[in-house]
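**Student:** Here's a structure for you.
The values are calculated or read from the model by the stated rules, or taken from the named source; none is laboratory data. Computed from a predicted model, the values in this text were never measured in an experiment. Every residue, glycine as well, gets a Cβ built from its backbone with ideal geometry; the counts of neighbours run over all protein chains shown.
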Amino acid sequence: MEFKVPTMAELMAAGEEPEILFWVGCAGSYDERAQKITRDICKILHHVGLKYAVLGTEESCTGDPAKRAGNEFLFQMQAMTNIEVLNAYNIKKIVTGCPHCFNTIKNEYPGLGGTYEVIHHSQLIQDLINEGKLKAEGGESFKGKKITYHDPCYLGRGNGVYEAPRKALEVLDAQLVEMKRCKANGLCCGAGGAQMFKEPEKGNKDVNIERIEEALATEPQFIAAGCPFCMTMLNDGVKLKDKEQEVKVLDIAEITARANGL
Amino acid sequence: MVVAGTALFAFNARKVIRNIKLGKAANRSDKPQERLMTMLKVAFGQTKMAVRPVPFLLHLVVYLGFVIINLEVLEIVIDGIFGTHRVFAGLGGLYNFLIGSFELLAAGVWLACAIFLIRRNVVKLKRFSGVEMKSWPKSDANYILITEILLMSAFLLMNAADAKLQALGVAHYQQAGAFPVSTWLLGLLPNNINTLIFIERFCWWFHIVGIFGFLNYLPYSKHFHIMLAFPNTYFSNLNPKGEFTNMDSVTNEVKAMLDPSFVPAETAPGKFGAKDIQDLTWVNLLNAYTCTECGRCTSVCPANMTGKLLSPRKIMMDTRDRMEEVGKNIDKHGADHQDGKSLLDDYISREEIWACTSCNACTEACPVNIDPLGIIVELRRYAVMEESVAPASINAMLGNVENNGAPWKYSPADRFNWAEGD
């Protein structure tokens with residue numbers, strides 16, 4: 001990247017505080033595909049001049065997969081350790097690159113002593129667009145392109161965020177097409193509830209195939225996602241259907257970064 | 001009969017309440033105003049039914065019919081006790097209007113129930129089938145619909161016979177009421193006055209006995225939702241659907257582990273998660289009694305639609321069946337009886353609970369805010385924390401989170417390497 005991503009430790013050493021902490025998440029940190037999304041979120045933050053920082057190696061799993069799998073002990077151990085770090089840095093506002101981290105920190109950390117204003121990166125993008133700080137210019141044109149958006153469960157049904165990602169796409173002047181099951185009725189990609197880390201139970205189809213068939217039925221050029229797990233599941237689906245050439249799965253952040261030539 | 005019918009219902013309803021109280025405590029006394037609004041909107045206003053317009057309209061007719069026609073039962077009872085004939089006839093035009101509307105609604109209910117029967121038994125909608133919809137649950141639904149059709153038929157036939165007796169000027173049958181629907185049945189009736197009186201009396205008794213019979217059928221049936229939908233929505237979860245409860249018992253232990261000087265508050269020792277119905281909360285158990293087995297949850301469940309064993313409706317039905325079983329054990333053998341069975345494994349299998357993606361499609365789809373996910377999570381908690389039994393890949397993931405702070409086997413030292421890419 002053309003700029004250095006600031007860490008909390010560095011800011012603290014310089015006696016500064018960021019406006020917002022970017023919580024990267026495990027997928028965003030380690031998964032090669034998701035790392036690209038992470039870097040694009042940083043590029044957007046850098047582009048608009050928002051003072052931000054990441055925890056870097058001080059970040060650890062929120063505990064979400066442990067909690068969904070039923071291990072409350074491990075979840076709370078992770079949560080309390082993270083809360084200690086966040087509170088020590090006097091964090092007030094957090095943007096996450098993952099709906100699972102978003103849900104956990106926003107809803108489940110306050111009861112354990114960690115209360116912050118938490119937003120998902122699609123909400124940040126919407127805010128930046130509303131404030132006029134972010135447009136869709138200087139980069140790739142999505143004008144008239146057919147895009148369908150897949151609602152992540154923990155962003156949509158889980159927390160009622162349906163409009164922000166759509167607003168981020170509307171600004172592209174693209175042709176947004178909805179799948180039959182969208183918003184509150186959206187169909188899961190198949191990865192939630194710790195399914196990402198295990199083989200599916202015996203059945204007659206994989207959930208991501210069911211979903212990708214529905215997405216492909218809208219004949220899109222792009223499938224927009226807002227979650228690194230959905231990204232994996234949708235990408236796998238597109239590959240299995242042999243549609244990699246015609247259809248690209250991109251995160252809201254990637255589309256925004258591309259549209260702005262970042 | 002009124003007394004006996006009501007007493008029997010009270011007796012059975014008390015058992016249901018006792019069974020629900022077998023569950024653990026849960027605080028749902030917060031935000032009374034928001035709870036009331038939720039109940040008015042979701043239960044009274046049936047807003048979540050509207051997602052599917054055809055059953056919404058049919059159900060609305062039956063719902064309104066049930067509530068409104070039951071006003072007439074008041075008159076039927078008073079007439080029965082005091083030997084009067086249509087005691088409210090003094091209301092004049094209003095009375096005619098009311099009886100006329102009851103008749104139109106009764107015809108609507110009749111038709112809606114007939115369509116419901118066709119949807120279940122002729123069209124065989126997929127939503128009404130499934131492994132859990134065999135034997136009793138299947139018959140239960142049909143019994144309810146047939147009973148409602150019979151009750152409405154009796155009501156209309158009673159009015160028709162009454163109207164004919166009124167027209168013939170028979171003593172006791174003074175002119176009262178308007179009969180827009182039952183007029184059409186007049187041709188079916190004989191002209192003999194005694195036979196007419198017999199038909200009128202028979203239908204009157206059939207209707208009144210039928211209603212009290214139906215009332216006492218409710219606690220055994222999925223049809224209990226007509227009452228429990230109201231408390232169930234009132235006490236439903238108001239937090240964001242994505243939020244899982246934090247377990248206080250665990251918080252104490254974790255705090256003690258992280259900070260040796262921490263002295264936890266006294267809490268009763270109990271198991272983590274749920275193996276049986278006593279380990280669930282009373283809200284979970286109330287949910288189970290409220291379920292009317294409509295199958296909206298199962299029809300939108302990603303696991304179920306892709307052929308997995310999991311069916312959220314079955315989770316609720318299993319919970320209710322197990323609760324009934326435990327209740328019967330208490331009646332027979334006393335409160336401490338153990339039958340060696342449990343909700344997990346004897347009713348709900350491991351394969352089912354691990355197939356859930358926690359996507360909340362089921363809770364979103366439920367027209368009365370039932371939460372199958374809440375039960376699934378408690379069962380997982382028991383399996384993982386009490387037994388350490390989970391799919392191998394889940395155990396590997398948990399090990400990674402514990403050792404590396406990530407669900408995959410990567411070094412924490414590499415966590416920031418993403419910043420070095422382009």
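**Student:** What do you reckon, is residue A:199 surrounded by fewer than 21 Cβ atoms within 10 Å (Cβ to Cβ), at negative phi and within 14 Å of chain B (Cβ to nearest Cβ)?
**Tutor:** yes
**Student:** Could you please let me know if residue A:208 is within 25 Å of residue A:101 (Cα to Cα) and surrounded by fewer than 24 Cβ atoms within 10 Å (Cβ to Cβ)?
**Tutor:** So residue A:208 does not fit the description; no.
**Student:** Only one residue in A:166, A:157 is at pLDDT 95 or above and within 14 Å of another protein chain (Cβ to nearest Cβ), so which one is that?
**Tutor:** Going through A:166, A:157 in turn, the sole match is A:157.
**Student:** May I ask you to list the residues in segment A:14-31 that are assigned to a helix (DSSP H, G or I) and more than 10 Å from every other protein chain (Cβ to nearest Cβ)?
**Tutor:** none
**Student:** Among the residues of segment B:179-202, count how many are free of Cβ contacts under 8 Å to residues at least 40 places away in the same chain, in a loop (DSSP other than H, G, I, E, B) and crowded, with 16+ Cβ neighbours inside 10 Å.
**Tutor:** 1
**Student:** Another question about this same structure. Might you let me know whether segment A:235-243 holds any residue that is buried (at least 24 other Cβ atoms within 10 Å of the Cβ), within 12 Å of chain B (Cβ to nearest Cβ) and more than 24 Å from residue A:144 (Cβ to Cβ)?
**Tutor:** no
**Student:** Kindly indicate whether residue A:45 is closer than 16 Å to residue A:18 by Cβ, assigned to a loop (DSSP other than H, G, I, E, B) and among the hydrophobic types (A, V, I, L, M, F, W, C).
**Tutor:** In short, no.
**Student:** Identify, by number, the condition in (1) more than 8 Å from every other protein chain (Cβ to nearest Cβ); (2) hydrophobic (A, V, I, L, M, F, W, C); (3) in contact with a helix residue (DSSP H, G or I) (Cβ under 6 Å, 6 or more places away or on another chain); (4) closer than 30 Å to residue A:250 by Cα that residue A:101 doesn't meet.
**Tutor:** Status for residue A:101: all satisfied but (3).
**Student:** Does residue B:274 satisfy the criteria of being surrounded by 24 or more Cβ atoms within 10 Å (Cβ to Cβ), part of a helix (DSSP H, G or I), over 15 Å from the mean Cα position of the chain (by Cα) and within 14 Å of chain A (Cβ to nearest Cβ)?
**Tutor:** no
**Student:** Quick check, is residue A:185 outside the structural domain of residue A:122 (by TED's automatic domain parsing), within 20 Å of residue A:28 (Cα to Cα) and surrounded by fewer than 21 Cβ atoms within 10 Å (Cβ to Cβ)?
**Tutor:** Taking the combined requirement at face value, the residue does not satisfy it.
**Student:** Next question, about the same structure. Can you tell me which residues in segment A:32-62 are among the acidic types (Asp, Glu) and within 8 Å of chain B (Cβ to nearest Cβ)?
**Tutor:** The answer is A:59, and nothing else.
**Student:** Only one of A:34, A:13, A:27, A:53 is out of contact with any strand residue (DSSP E or B) (no Cβ under 9 Å at 6 or more places or on another chain) and under 22 Å from residue A:103 (Cα atoms). Can you tell me which?
**Tutor:** A:27
**Student:** If the requirement is being crowded, with 16+ Cβ neighbours inside 10 Å and part of a loop (DSSP other than H, G, I, E, B), which of these qualifies: A:139, A:114, A:132, A:144?
**Tutor:** Sole residue among the options that is crowded, with 16+ Cβ neighbours inside 10 Å and part of a loop (DSSP other than H, G, I, E, B): A:114.
**Student:** Which condition does residue B:335 not pass, out of (1) more than 14 Å from every other protein chain (Cβ to nearest Cβ); (2) crowded, with 16+ Cβ neighbours inside 10 Å; (3) part of a loop (DSSP other than H, G, I, E, B), if it passes all the others?
**Tutor:** Among (1) more than 14 Å from every other protein chain (Cβ to nearest Cβ); (2) crowded, with 16+ Cβ neighbours inside 10 Å; (3) part of a loop (DSSP other than H, G, I, E, B), residue B:335 violates only (2).
**Student:** Any residue in segment A:176-194 that's more than 10 Å from chain B (Cβ to nearest Cβ) and in contact (Cβ under 8 Å) with a residue 12 or more places away in the chain: show its pairings with residues that are surrounded by fewer than 16 Cβ atoms within 10 Å (Cβ to Cβ) and among the hydrophobic types (A, V, I, L, M, F, W, C) at Cβ separation under 9 Å, as long as the two are six or more apart or on different chains.
**Tutor:** A:179/A:217; A:180/A:217
**Student:** Could you pull out the residue among B:50, B:43, B:26 that is among the hydrophobic types (A, V, I, L, M, F, W, C), surrounded by fewer than 18 Cβ atoms within 10 Å (Cβ to Cβ) and part of a helix (DSSP H, G or I)?
**Tutor:** B:50
**Student:** Same structure, new question: For residues that are touching a helix residue (DSSP H, G or I) at 6+ places or on another chain (Cβ under 6 Å) and without any contact (Cβ under 8 Å) to a residue 60 or more places away in the chain, tally how many sit in segment B:129-145.
**Tutor:** 1
**Student:** Answer with yes or no whether residue A:126 is touching a Lys or Arg at 6+ places or on another chain (Cβ under 9 Å) and away from chain B (no Cβ under 14 Å).
**Tutor:** yes
**Student:** Now for a different question. Working carefully through the options A:247, A:207, find the one that is modelled with pLDDT of 95 or more and in contact with a Ser or Thr (Cβ under 9 Å, 6 or more places away or on another chain).
**Tutor:** When all the criteria are applied, what remains is A:207.
**Student:** Shifting gears a bit: So if I check each of B:334, B:327, B:295, which one is in contact (Cβ under 8 Å) with a residue 60 or more places away in the chain and over 27 Å from residue B:355 (Cα atoms)?
**Tutor:** B:327
**Student:** Follow-up. From (1) at pLDDT 95 or above; (2) more than 30 Å from residue B:161 (Cβ to Cβ), pick out the condition that doesn't hold for residue B:51.
**Tutor:** Status for residue B:51: all satisfied but (1).
**Student:** Given the criterion of a type outside the set (Gly, Ala, Ser), touching a helix residue (DSSP H, G or I) at 6+ places or on another chain (Cβ under 7 Å) and outside the structural domain of residue A:215 (by TED's automatic domain parsing), identify the matching residue among A:148, A:38.
**Tutor:** One residue alone meets the criteria, A:38.
**Student:** Only one residue in B:176, B:229, B:163 is under 36 Å from the mean Cα position of the chain (by Cα) and crowded, with 18+ Cβ neighbours inside 10 Å, so which one is that?
**Tutor:** Testing whether each residue is under 36 Å from the mean Cα position of the chain (by Cα) and crowded, with 18+ Cβ neighbours inside 10 Å leaves just B:229.
**Student:** Please go through segment A:67-84 and give me each residue that is more than 8 Å from chain B (Cβ to nearest Cβ) and in contact with a Leu (Cβ under 7 Å, 6 or more places away or on another chain), ordered by number.
**Tutor:** A:79, A:83
**Student:** With the checklist (1) in the same structural domain as residue B:359 (by TED's automatic domain parsing); (2) under 23 Å from residue A:187 (Cβ atoms) in hand, flag the one item residue B:260 doesn't pass.
**Tutor:** (2)
Yes/no matrix, rows are residues, columns are (1) surrounded by 15 or more Cβ atoms within 10 Å (Cβ to Cβ); (2) assigned to a helix (DSSP H, G or I):
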site	(1), (2)
B:56	yes, yes
B:61	yes, yes
B:75	yes, yes
B:95	yes, yes
B:104	no, yes
B:113	yes, yes
B:123	no, no
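**Student:** Taking residue A:54 as meeting all but one of (1) surrounded by fewer than 24 Cβ atoms within 10 Å (Cβ to Cβ); (2) farther than 26 Å from residue B:241 by Cβ; (3) of a type outside the set (Gly, Ala, Ser), write down the number of the exception.
**Tutor:** That leaves (1) as the condition not met.
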